[in-house]
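Here's the structure we're looking at; comments come further down.
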Amino acid sequence: ANGLYMRYYNSDGRISTMCGNGGRCFAAFARQCGVEGEEITFRAADGMHTAVFTSKQPLRVRLSMMDVAAVEQNKDFTFLDTGSPHVVRFVDEVKGLDVVAEGRRIRNSDRFRSEGTNVNFVRPHDGMLDVRTYERGVEDETYSCGTGVTASVLAAAAHGDLKGEKGDVETLGGRLTVYYKKNASGFSGVWLEGEATFVYQGEINI
């Protein structure tokens, strides 16, 4: 290990759990800052992660995610932990859905009120998924949630909506791919891949 550690803060100022897309961007930023090697390894709230750069133009980062020991399938939703807790609900359409109202209702239900949960609304179609996510700590919709996309793919695989060992996902923020290996009760070999785009840089005088 190279001693890198990622600490993720939600917009409410509280330290949160793992952020998948944040982890990919963290790795891209570490590379920009001069961290060398074929892979970048770092620790986050849920343990060690490895980032692999799968292309340079555009820059794509594939990030190892934690194994998921079990997937809880209920009548109305699936629940699993992919470094952060996630409820997954399968819906017929995501475009007109009131994600904030529905997500807030589930997040503040008796079961999840104390610790909170992220809530993903998932529409499987044509071998891929459309996903929209309500994020705890933000308490609003987020355009793309890496751990949520991962949870959505694994829930769809457990549900029988995805075959093989990968799932492509469309979010409001762009497209991501999740790779996985299904075992008796959960999943291992989980990776999250997508572009990492440099947006801006700023300077501050101290």
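The values are calculated or read from the model by the stated rules, or taken from the named source; none is laboratory data. Please read all numbers here as calculations on a predicted model, not as lab measurements. All Cβ positions, even for glycine, are placed from backbone atoms using ideal geometry, and neighbour counts span all protein chains on display. The protein model used for the area step is the full one, side chains on, heavy atoms only, and it has no ligands, DNA or RNA in it. Shrake-Rupley method; radii C 1.70, N 1.55, O 1.52, S 1.80 Å.
Within segment 1-34, track down each residue that is open to solvent by 40 Å² or more (accessible area, probe 1.4 Å) and either farther than 27 Å from E141 by Cα or assigned to a strand (DSSP E or B) (or both).
A1, N2, G3, L4, Y5, Y9, I15, R31, Q32, C33, G34
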Problem - Every residue from segment 62-97 that is among the small types (G, A, S) and open to solvent by less than 50 Å² (accessible area, probe 1.4 Å) - result: S64, G83, S84
Handout entry: Count - residues of segment 36-60 that are loosely packed, with under 14 Cβ neighbours inside 10 Å and outside any strand (DSSP E or B)
Key = 6
Problem - For R136: the one exception among (1) open to solvent by 10 Å² or more (accessible area, probe 1.4 Å); (2) touching a residue at least 60 places away in the same chain (Cβ under 8 Å); (3) over 20 Å from N108 (Cα atoms) - result: (3)
Completion exercise
Quick count over segment 70-91, residues being more than 13 Å from V149 (Cβ to Cβ), of a type in the set (A, V, I, L, M) and modelled with pLDDT of 95 or more, is 3
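Out of the residues in segment 157-170 meeting the condition of being among the small types (G, A, S) and touching a strand residue (DSSP E or B) at 6+ places or on another chain (Cβ under 7 Å), tell me which one is most open to solvent (accessible area, probe 1.4 Å).
Among residues in segment 157-170 that are among the small types (G, A, S) and touching a strand residue (DSSP E or B) at 6+ places or on another chain (Cβ under 7 Å), the one most open to solvent (accessible area, probe 1.4 Å) is A158.
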Handout entry: Index of the failed condition, G173 passing every other in (1) in contact (Cβ under 8 Å) with a residue 12 or more places away in the chain; (2) open to solvent by less than 50 Å² (accessible area, probe 1.4 Å); (3) among the small types (G, A, S)
Key = (2)
Practice task
Could you identify the single residue in R123, R113, R104 that is open to solvent by 20 Å² or more (accessible area, probe 1.4 Å), more than 19 Å from the chain's Cα centre (by Cα) and farther than 18 Å from R24 by Cβ?
Solution key: R113
Handout entry: Filter result for the condition that a residue is surrounded by fewer than 18 Cβ atoms within 10 Å (Cβ to Cβ) and at pLDDT 95 or above, over G146, G189
Key = G189
